Amino acid sequence: MSKKNIGIYNFIDKKKNKKKLISRWEDHEKGAVLKELLIKYTRNHIQECEKLQKDIGTDNALSNIVAGMNNLKSLKENKSETEKKTSQACEALVKLVNYGGILMHKYSISSKLIINTKKEVYENK
């Protein structure tokens, strides 16, 4: 058997041995702590976006955040108040997205559970 075929069989074995995703916070030993951190990052993101929206409006805030994600380093250097708030909102979004990835990949938390938890926070702001 060639090395190429061995690689294919290893890939198939890895697919079969997939980790079971956790669909409830109670099922993970650190579930309560992980959930609280997710809620904290989500609330922080909401607060930073609301600050920005108060200054420049909802449509402009969304545009600034999308544009700011591409220019995060340059936003940090600028002294304008709007750019500082945009930078803070972008950083909060980056932290939230990165933490979601950590929950899914490191702790095997299902994406549905993460999304539902974020929805609860957005609805109860």
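The values are calculated or read from the model by the stated rules, or taken from the named source; none is laboratory data. Because the structure is a prediction, the values reported are computed rather than measured. Counting neighbours? That spans all protein chains shown, and the Cβs are built from the backbone with ideal geometry, glycine included. The accessibility values were calculated without ligands, DNA or RNA, using every heavy atom of the protein model including side chains. Shrake-Rupley method; radii C 1.70, N 1.55, O 1.52, S 1.80 Å.
Taking 7 Å steps out from each Cα toward its Cβ at Leu62 and Lys40 produces label points 3.0 nm apart. Per-residue Karplus couplings for the range 30-39, computed as 6.51 cos²θ - 1.76 cosθ + 1.60 with θ equal to phi - 60°, are listed in order as 9, x, 5, 5, 4, 5, 4, 5, 4, 5 Hz, Gly and Pro entered as x. For the chain, relative contact order (Cα pairs under 8 Å, six or more residues apart, normalised by length) works out to 35 percent.
The range 108-125 and the range 28-91 have Cα centres separated by 18 Å. Probe radius 1.4 Å, ligands and nucleic acids ignored: give me the carbon and sulfur share of the accessible area of the range 68-125 as a rounded percent. Of the solvent-accessible surface of the range 68-125, carbon and sulfur hold 49 percent. For the chain, just say rounded, prolate or oblate: build the C-alpha gyration tensor, square-root its eigenvalues into a ≥ b ≥ c, call rounded for a/c under 1.5, and beyond that prolate if a/b exceeds b/c, oblate if not. Since a/c reaches 1.5 but b/c is at least a/b, the shape of the chain is classed as oblate. Under 5 Å from the amide H of Ile109 lie the amide H atoms of Ile22, Met104, each residue being 5 or more positions distant or on a separate chain, with H modelled from the backbone and absent for Pro and chain starts.
Could you order the peptides 45-57, 61-73, 25-37, 86-98 from most to least packed, using the average number of other C-beta atoms within 10 Å per residue?
So the peptides 45-57, 61-73, 25-37, 86-98, ranked by packing, come out 86-98, 45-57, 61-73, 25-37.
Remark: the chain carries 73 Å² of accessible area per residue (probe radius 1.4 Å; ligands, DNA and RNA excluded).
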